[in-house]
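Written below as structure tokens is the structure these notes are about.
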Amino acid sequence: MTIVTLIASALILIAGVAKLLGAKPLADQFKEFGLPKHTMPLIGGLEVCLAIGLQIEALTLAASALLVVTMVGAVAAHVKTQHKPTQSFPALAVLILGAVIMAGTM
């Protein structure tokens with residue numbers, strides 16, 4: 001489970017930091033999703049916390065469960081805006097990784 005957890009943590013950490021830094025492609029995507037501008041750093045901060053939580057054994061189950069919920073929202077936003085599968089794939093991949101981690105810690 002360690003490699004899966006490390007991969008998920010790295011992916012969500014990169015995404016979270018990009019949101020915290022206000023990366024323009026992500027800002028454009030949030031606008032397309034119809035989300036207020038202030039939600040991007042909030043979600044970015046949450047993702048950074050989740051990446052850290054996945055690495056702390058006592059928090060792994062809770063962090064992976066919240067990661068799954070967060071990524072369900074991300075995938076739903078991509079589907080709602082009819083993004084191409086290539087745009088939705090990262091969120092779906094992290095959703096699957098989160099589910100695998102969650103199942104492995106139960």
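Structure summary
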quantity: Residue list for the range 1-27, filter: exposed (fewer than 14 other Cβ atoms within 10 Å of the Cβ) and in a loop (DSSP other than H, G, I, E, B); calculated: MET1, LEU21, GLY22
quantity: Scan of the range 55-106 for residues that are of a type in the set (Val, Ile, Thr) and closer than 26 Å to GLY34 by Cα, ordered by number; calculated: VAL68, VAL69, THR70, VAL72, VAL75, VAL79, THR81, THR86, VAL94, ILE96
quantity: Filter pass, ALA99 being part of a helix (DSSP H, G or I) and surrounded by fewer than 16 Cβ atoms within 10 Å (Cβ to Cβ); calculated: no
quantity: Test: residue in the range 66-80 that is among the polar types (S, T, N, Q), closer than 28 Å to PRO25 by Cα and exposed (fewer than 13 other Cβ atoms within 10 Å of the Cβ); calculated: no
quantity: Enumeration of residues in the range 28-44 that are exposed (fewer than 14 other Cβ atoms within 10 Å of the Cβ) and not acidic (Asp, Glu); calculated: LYS31, GLY34, PRO36, LYS37, HIS38, THR39, LEU42
quantity: Residue under evaluation ALA62, criteria (1) without any contact (Cβ under 8 Å) to a residue 40 or more places away in the chain; (2) surrounded by 17 or more Cβ atoms within 10 Å (Cβ to Cβ), criterion not met; calculated: (2)
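Every read-out reported here was derived from the displayed coordinates using simple, explicitly stated rules and does not represent laboratory data. Bear in mind that the values here come from a model prediction, so they are computed numbers and not experimental data. Virtual Cβ from ideal backbone geometry, glycine too; neighbours counted across all protein chains shown.
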